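All remarks here apply to the structure that follows.
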Amino acid sequence: KEDINLSKKNILENVSINLSLGKIYGLFGKNGSGKTSILKIIMKLINPDSGKVLFDRESLSFKEISFSSEKMSFFPDLKCKDFFLTIKEIHNIPTYKFENKINYFSKVFEIENSLNKKLKYFSQGMLKKVSFITCLLNDPKFILLDEPFSGLDLDARVVLKKEIDAFKNNGGGVLLTSHMFEDVSI
């Protein structure tokens, strides 16, 4: 029997990022270059070997930062509206605010006819829309978007870019990743 040597490969080394509210930042790189790892470290989904992440010079607050993953594969048996309601309950979002946002975003992203459909039947593009909407439900200060344009058709890309820009114009900060330069040069 042969031993298998799994070596630890350093993807990120000496990374320092300073981000401000009211701006959009693009993180561009090849697949496997560490873009998603940076977002996961910011969200404390993985721990860095050294260093720390601060938000407004303090510890990270999940109420102030939202994350949209590249692949949304959780809760596949929930209906879309029930998934949104779960997020509402987690963040204790007032009903009137929640309903206004769901009404607005489901129309803008053209998913209002799919709210009663289970997430497992959604295309990658529809899941991207749901993930982005979920990202904004709790009024975060900063959003992290991992490959937000993958799987979206041209019309949905235009709408997403418009909504990202609106979030920024309202004082929010955005860090998005892509391996396609056109996506990060909004």
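Some values worked out for this structure:
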{"quantity": "Three-way shape label, the stretch 78-175, alpha-carbon gyration tensor, a/c 1.5", "calculated": "oblate"}
{"quantity": "For N116, net neighbour charge (Lys/Arg +1, Asp/Glu -1) across residues whose Cβ lies under 11 Å away", "calculated": "+2"}
{"quantity": "Extended-chain gain in nm, criterion 0.36 nm per residue less alpha-carbon gap, N103 and K162", "calculated": "19.5 nm"}
{"quantity": "Which listed pairs, of K107/K141; K88/K168; K30/K88, have C-alpha distances above 29 Å, in listed order", "calculated": "K30/K88"}
{"quantity": "Modelled FRET efficiency - R0 30 Å, L21 with S150, Cβ distances, 0.05 increments", "calculated": "0.70"}
{"quantity": "Summed side-chain charge close to I24 - residues other than I24 whose Cβ falls under 11 Å, Lys, Arg +1, Asp, Glu -1", "calculated": "+2"}
{"quantity": "Listed pairs K81/K101; K52/K161; K35/K71; K23/K79 exceeding 22 Å between Cα atoms", "calculated": "K52/K161; K23/K79"}
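Readers should treat all values here as calculations from the given coordinates under stated rules, not as data from a laboratory. Remember, it's a predicted structure, so these values are computed and weren't measured experimentally. Cβ sites come from the backbone with ideal geometry, for glycine too, and all protein chains shown count toward neighbours.
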